[in-house]
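Values quoted throughout were computed directly from the atomic coordinates according to the rules given, and no laboratory measurement underlies them. Please read all numbers here as calculations on a predicted model, not as lab measurements. Here the Cβ positions follow ideal geometry from the backbone for every residue, glycine too, while neighbour counts run over all protein chains shown.
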Amino acid sequence: MSEPRWSRAVANECRLCRVRHKRHSFVTQLVESGVEITIVQCLLGHHSRLVTANYLHVRRERLAQVQSPLQLLDLARAKQVTQH
C-alpha cells in the first residue's frame with residue numbers, strides 16, 4: 001500500500017524547509033564573519049542585494065555586541081579640545 005498523497009507533500013515541504021534553513025544560516029554566518037553582502041549576493045546568484053538581505057538573520061548575541069556610535073566617542077577628550 002502506498003503512502004497518502006498528502007503525506008508525500010508534507011515530507012517534500014519539510015525537506016524544502018531544511019534546505020531553506022541551511023541557506024539562511026549559511027548567509028548569516030558569512031555576513032557575521034565579515035564577508036561583504038555583495039560577495040554573498042554573487043555566491044547566491046541574486047541580482048539584487050535586497051533579495052540577499054531577506055536571507056539575513058541577526059542573532060540576539062550579535063545585537064548585544066553592537067555599540068552605539070555615541071559609545072565610541074571619547075567625550076572627555078572632546079570636552080578638553082573644545083575648552084582650549
- Want the number for residue 73 to residue 57: 0.36 nm per residue separation, take away the alpha-carbon distance, what's left? 2.9 nm
- Note on the structure: Under the 7 Å Cα-to-Cβ spin-label approximation, residue 47 and residue 26 lie apart by a distance in nanometres of 2.2 nm
